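**Q** Supplied in structure tokens, the structure appears directly below.
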Amino acid sequence: MKITIAKSLDDFYKQSAERIASKIIEKPKSIIGLSTGRTTGGIHKALVELYREKPFDTSQVTVFGLDEVTNISRECKASCYWLLLNQVVEPLGIPLSNFIMPDPFAKDLQRECRKFEDRVSNDNASDLQMLGIGENGHIGFNQPGTPFGSTTWISYLDDSLDERLRRENNIAPDVKMGGLTLGIKNIMWSKKIVLVASGKNKADIIEKALFGPVSEDVPASVLQLHPDCEAILDPEAAQQIVKHL
Ligand code: F6R
């Protein structure tokens, strides 16, 4: 795995954003998988800045988010659809028809999983998959213990995310949210993966994921086996791995 340690948080956002922009410039018809959260929010902001400084053709690119919170509407700010629409799709002028997300209210969620995966994995494997990482090593909503052979499925949000989304978005306690996510096998089919992490709260898990044993207890550790994966880290997230380099 290639490891890039940025000089600062701003440099981290910029370098991560450049990976997305470069892929679109190199292959305008790319399929690009994104993820949401605090880390990628900063990256998306940097991507929009890059685009505004030096616009590039976004008319043919397809983007998707690798996961979605089920049972909340797309208008809710906790929805991955809402976040990606506002952070990336609209600012970059990507046609809405090229923005693929699962339906959070699909009657048959299992069927929705298969439909989503057929559009963005398997024969349509992404050219680039951007991945954040949870403090417990989750990627997408694939929590610790998820089999490496998993395909798209309905997982759960970890307690801290569930609590934060409810608090920030006034989601009632009786709304049961799930995490529809590409499985680990789908993620590994991506042609290129960029794992991004910032902040000292990620330092411990970054060391485990990048230098610990490859284990289903740490879902992100599977990325050690991917032939084209880069980890981009800010100095704080990298503080425990410097000794391994
Ligand atoms: C969400 C997703 C999650 C996040 C992870 C890190 O679409 O894929 O796996 O990437 O929870 O989130 P932050 O950046 O908020 O720490």
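**Q** Kindly list, by first and then second residue, each pair from a residue in the stretch 146-162 that is within 23 Å of residue 39 (Cβ to Cβ) to a residue that is of a type in the set (S, T, N, Q) and surrounded by fewer than 17 Cβ atoms within 10 Å (Cβ to Cβ), limited to pairs with Cβ atoms under 7 Å and residues at least 6 apart or on different chains.
**A** The qualifying pairs are 158/136.
**Q** What number of residues in the stretch 221-235 are open to solvent by less than 80 Å² (accessible area, probe 1.4 Å) and outside any strand (DSSP E or B)?
**A** Our first condition is that a residue be open to solvent by less than 80 Å² (accessible area, probe 1.4 Å); within the stretch 221-235, this holds for 221-224, 226, 228-235.
Among the residues that remain, those that are also outside any strand (DSSP E or B) are: 221-224, 226, 228, 234-235.
Within the stretch 221-235, residues that are open to solvent by less than 80 Å² (accessible area, probe 1.4 Å) and outside any strand (DSSP E or B) number 8.
**Q** Now for a different question. Within the stretch 35-59, how many residues are among the acidic types (Asp, Glu) and within 14 Å of residue 11 (Cβ to Cβ)? Give the steps one after another, and end with the answer.
**A** So the first thing to find is which residues in the stretch 35-59 are among the acidic types (Asp, Glu), and the list is 49, 53, 57.
So of that shortlist, the ones also within 14 Å of residue 11 (Cβ to Cβ) come out as 49.
Adding up the residues that qualify gives 1.
**Q** Also: Residues being under 28 Å from residue 167 (Cβ atoms) and either within 16 Å of the ligand (Cβ to nearest atom) or not in a helix (DSSP H, G or I) (or both): count how many of those fall in the stretch 79-111. Before the answer, list the steps.
**A** Start the filter on the stretch 79-111 by keeping residues that are under 28 Å from residue 167 (Cβ atoms), which leaves 79-91, 99, 101-106, 109.
Next, from what is left, pick out any that are either within 16 Å of the ligand (Cβ to nearest atom) or not in a helix (DSSP H, G or I) (or both): 79-91, 99, 101-106.
The total comes to 20.
**Q** Same structure again: What are the pairs, 6+ residues apart or on separate chains, where a residue within the stretch 25-47 that is touching a residue at least 24 places away in the same chain (Cβ under 8 Å) has its Cβ under 8 Å from a residue that is away from the ligand (no atom under 16 Å from the Cβ) and aromatic (Phe, Trp, Tyr)?
**A** Within 8 Å, the pairs are 25/56.
The values are calculated or read from the model by the stated rules, or taken from the named source; none is laboratory data. The model shown is predicted, which means the values in this text are computed figures rather than measured ones. Here the Cβ is made from the backbone with ideal geometry for all residues, glycine too, and neighbour counts use every protein chain on show. The protein model used for the area step is the full one, side chains on, heavy atoms only, and it has no ligands, DNA or RNA in it. Shrake-Rupley method; radii C 1.70, N 1.55, O 1.52, S 1.80 Å.
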